[in-house]
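The structure under discussion appears below in the form of structure tokens.
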Amino acid sequence: MRKSTLRLPPTLVSILALASVMLSLGCVVPYTPLPTLSAELNAQTLDQDESYLWKKSSELQYEIEKSGLLFQDPALDSYLAQVLARVTPQELSAAGVTPRVAVISDVQIHGYSFANGVVYLHTALLSRMQDETQLATVLSRELAHVVNRHALRAGREAKLRADTMAWVGIGVSVAGEYGSSAKLLAQAFEISSAVGFPAALETQADRKGLELLDRAGYDVRATPEFFQMTVDYLAEVHTQGPWAWVAFTPPIQMTTRIAGYRSVIEQEYAATANTAGPTKTPLASNDRFRRMLHSVAQRQADLELAAGLSYSAANTARFATQSDPRDPQSWYLLGKALEIQRANPIIGKTAPSVDEVREAFRKAIQVRSTHAYSIRDLAMTHYRGENGERSPQDGKEATRLFQQYLRLAPNAGDTAYVRTYLEELKTAERR
């Protein structure tokens, strides 16, 4: 398995998220639907501008996927493709379009589609999903954008295009400071559904997405909860950012969407909503679904730690410990997140105790006695002591664990530092 190492700065995350909100709020244009893709209107009969949009999308996708941005897990990729096929509308197959889905390793909570049927889901979005219906919800909605040719329709609106370029241009200029990979994502946002479409198009996608979801046999009642999950995640991230002192206000397009979904379900899917559940069995049970996303949750927790989102990282790591309690890396990531919270508490949040931090590292070691990083970091908690005061027992335990770490990882890059700590502990013990 090869995993991306891209880490986007919170500044870029905020700007791109703001662009999405502003475009959704500001683009109110007359709505004239285009004919949907079909056997007659297919990949071979596109107008020149639509053909160019597909070509540009393919070129950008090639650049993204060779850049190392993709999170690759063959078993997960196969499963995602199966769910995608289950919700793919017949119109796309008739038009000769074969959708595909890929995962991007990125701390932003996003899922978006391109005109040519390619869907990207970020690790942030996948890591917080709880069941297959939530996955099918976002996939069906993105395919609704594709079959209804929303990217083309939006591109043909001169005002919308100008607004999009203005906002995304800011993201691109900032991304340039952080490398070509981040810039690629900003460019992807420009020609995909990520920046949002006019309200009429989004409403059309909502309805079409529900139709596809229901046709595939999923329980449409789960859709509002899925979108609420994304709002809850944004609120969680907000409490850890520079504007945490300002009360979080959910994006209006999201609250509107949740209300709209509930209204449509009540009006048009009353019979379905009153049943005990889906008309077909999901491909994966909820437990298996979370196991399939286990590696995604680990990757996202790592990204959140790098972005300074230690509280989010702890929550995501907990999901990973639940999906596979026998994986020591999940417990290690939880311990790191709790350790950072303890060192850098956030106003209004209760910092974990040193015992909670140690317990996470100990569980990693219980699962795998040779998990060197957990041994080293557990040693560091004893070296520092509780509240900065190291007891004699802490000193002995730190010495034992540091020595164990050096035996397990004699060539690690931090061994010189560890030996310095050991010398300090031995000197303190002799006093």
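The values are calculated or read from the model by the stated rules, or taken from the named source; none is laboratory data. All values reported here derive from a predicted model rather than from experimental measurement. Note: ideal-geometry Cβ built from the backbone for every residue, glycine included; neighbour counts use all protein chains shown. Protein only, heavy atoms only, side chains kept; ligands, DNA and RNA dropped before computing areas. Shrake-Rupley method; radii C 1.70, N 1.55, O 1.52, S 1.80 Å.
In region 395-410, is there at least one residue being of a type in the set (Gly, Ala, Ser) and closer than 28 Å to THR239 by Cβ? No - not one qualifying residue is present in region 395-410.
Would you mind finding the one in PRO242, PRO250 that is closer than 22 Å to VAL107 by Cα, modelled with pLDDT under 95 and open to solvent by 60 Å² or more (accessible area, probe 1.4 Å)? Selected residue: PRO242, the only one of PRO242, PRO250 that is closer than 22 Å to VAL107 by Cα, modelled with pLDDT under 95 and open to solvent by 60 Å² or more (accessible area, probe 1.4 Å).
Identify all residues within region 193-217 that are of a type outside the set (A, V, I, L, M) and within 17 Å of the chain's Cα centre (by Cα); write none if there are none. Scanning region 193-217 gives a single hit, SER193. Comparison of ARG288, ARG257, ARG221 shows that the only residue that is assigned to a helix (DSSP H, G or I), open to solvent by 20 Å² or more (accessible area, probe 1.4 Å), closer than 29 Å to THR88 by Cα and at pLDDT 95 or above is ARG288. The sole residue among THR420, THR350, THR370 that is within 30 Å of the chain's Cα centre (by Cα) and open to solvent by 50 Å² or more (accessible area, probe 1.4 Å) is THR350. In region 392-403 there is no residue that is under 19 Å from ALA306 (Cβ atoms), modelled with pLDDT of 95 or more and among the small types (Gly, Ala, Ser). The condition of being charged (D, E, K, R) and under 30 Å from ARG215 (Cα atoms) holds for ASP287. Take ASP131 and decide whether it is free of Cβ contacts under 8 Å to residues at least 40 places away in the same chain, surrounded by fewer than 24 Cβ atoms within 10 Å (Cβ to Cβ), closer than 21 Å to THR316 by Cβ and not small (Gly, Ala, Ser). Spelling it out, it is not the case that ASP131 is free of Cβ contacts under 8 Å to residues at least 40 places away in the same chain, surrounded by fewer than 24 Cβ atoms within 10 Å (Cβ to Cβ), closer than 21 Å to THR316 by Cβ and not small (Gly, Ala, Ser). Out of the residues in region 187-211 that are among the polar types (S, T, N, Q) and either at pLDDT 90 or above or assigned to a helix (DSSP H, G or I) (or both), state the one that is surrounded by the most Cβ atoms within 10 Å (Cβ to Cβ). Among those residues, the one meeting the criterion is SER193. For region 64-83, the set of residues classified as modelled with pLDDT of 95 or more and part of a helix (DSSP H, G or I) consists of PRO74, ALA75, LEU76, ASP77, SER78, TYR79, LEU80, ALA81, GLN82, VAL83, listed by residue number.
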